[in-house]
Amino acid sequence: MPSRLIPLFPLRVVVFPRTPLPLHIFEDRYKEMVGDAIRDNSEFGIVLVKDNGIVSAGCTVMVEKVLETYPDGRMDILTRGKRRFEIVTLNEEKEYLQGEVNFFDDDDFAPAPAELRDQALSNYQALSSLAVSREHSEPDLEDRQLSFQLAQELPDLDFLNALLRQRSEIGRLKQLNHYLTEYVPRQRTIKRMTELAPTNGFGGKPVGM
């Protein structure tokens, strides 16, 4: 597949196909980039930025709605994930970063077994009940790549980046279930300790307060 040059927006976030991502645009270079995307109805790529640079895979988004514009050109927009890509080379000819990318999708389109999906949904519901996840939208349970819909709840960017690269829905659901089997009990314990801390676990005011 031939590579294609697209604008890149490095952020500390991972977005998946068909999941929403609200953005506040305030830098001049990204005002230009987003303005072009709105005018041309075109995609730009979201890539995870880490301390040592950007990762080599990401997901494009398109602007679904302009929520608000400000007198100085800042914008609040709602975008939605489209296509996953791998970066081939970087291009710095413009004020904002661009990349030659190759798009990819799953290699394995076999339907995930019902028990695997049911386990993922059960784990997701357990996590949602703890109210410790990042702000997210309600998942589309009819999505053939359900793992993307469920994973948007998680704050672990390294894990989300690994899921983004995985090219099998069965593989992603297995990774997600393994992760949540450990993560949910740990978060449940943290929440319980947080609830007990103000009263020292004895139902009264903390000593010295």
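Values in this text are rule-based calculations from the coordinates and carry no lab data. Just so we're clear, the structure is a prediction, and the values are computed from it rather than from any experiment. Here the Cβ is made from the backbone with ideal geometry for all residues, glycine too, and neighbour counts use every protein chain on show.
Restrict the search to segment 1-93; then list the trypsin sites (Lys or Arg not before Pro) that DSSP places in a loop and that have at most 10 other Cβ atoms within 10 Å of their Cβ.
On the way: sites: Arg4, Arg12, Arg18, Arg29, Lys31, Arg39, Lys50, Lys65, Arg74, Arg80, Lys82, Arg83, Arg84; in loops: Arg12, Arg18, Arg74.
Listed in order of number, the matching sites are Arg12.
Three semi-axes describe the equivalent ellipsoid of segment 114-197; taken as square roots of 5 times the Cα gyration tensor eigenvalues and ordered largest first, they are 23, 13, 12 Å. What the pair-distance distribution of the chain shows, using all Cα-Cα distances binned every 10 Å from zero, is 8, 30, 30, 19, 10, 3, 0 percent.
Comparing Cα centroids, segment 137-193 and segment 95-111 end up 20 angstrom apart.
Spin-label model, Glu93 to Leu141: label points 7 Å out along the Cα-to-beta-carbon direction sit 4.9 nm apart. Each other residue within a Cβ distance under 12 Å of Thr189 adds +1 if Lys or Arg and -1 if Asp or Glu, for a net charge of +2. Using the basic label-point model (7 angstrom from Cα toward the beta carbon), what is the Phe159 to Asp107 distance in nanometres? Each label point is offset 7 Å from its Cα along the Cβ direction, giving 2.5 nm.
Given Cα pairs under 8 Å that are at least 6 residues apart, what percent is the relative contact order of the chain? It would help to have the intermediate numbers written out before the result.
Numbers: 342 pairs, mean separation 42.6, N = 209.
The value is 20 percent.
Between beta-carbons, use under 15 Å as the cut-off and find the net charge around Gly73, counting Lys and Arg +1, Asp and Glu -1. Walk me through the numbers before you get to the answer.
Working: positive: Arg29, Lys31, Arg39, Arg74; negative: Glu27, Asp28, Glu32, Asp36, Glu68, Asp72, Asp76, Glu95.
Charge balance in the 15 Å sphere: -4.
Count charges around Leu146 for me, please; just the other residues with Cβ under 12 Å from its Cβ, Lys/Arg as +1, Asp/Glu as -1. My count for the surroundings of Leu146 gives -1. Using a cutoff of 8 angstrom between alpha carbon atoms and counting only pairs six or more residues apart, the relative contact order for segment 114-197 works out to 38 percent. Karplus-derived 3J(HN,Hα) values for segment 177-191, using 6.51 cos²θ - 1.76 cosθ + 1.60 with θ = phi - 60°, are 5, 4, 5, 5, 4, 8, 6, 4, x, 5, 5, 5, 5, 4, 5 Hz; glycine and proline are entered as x.
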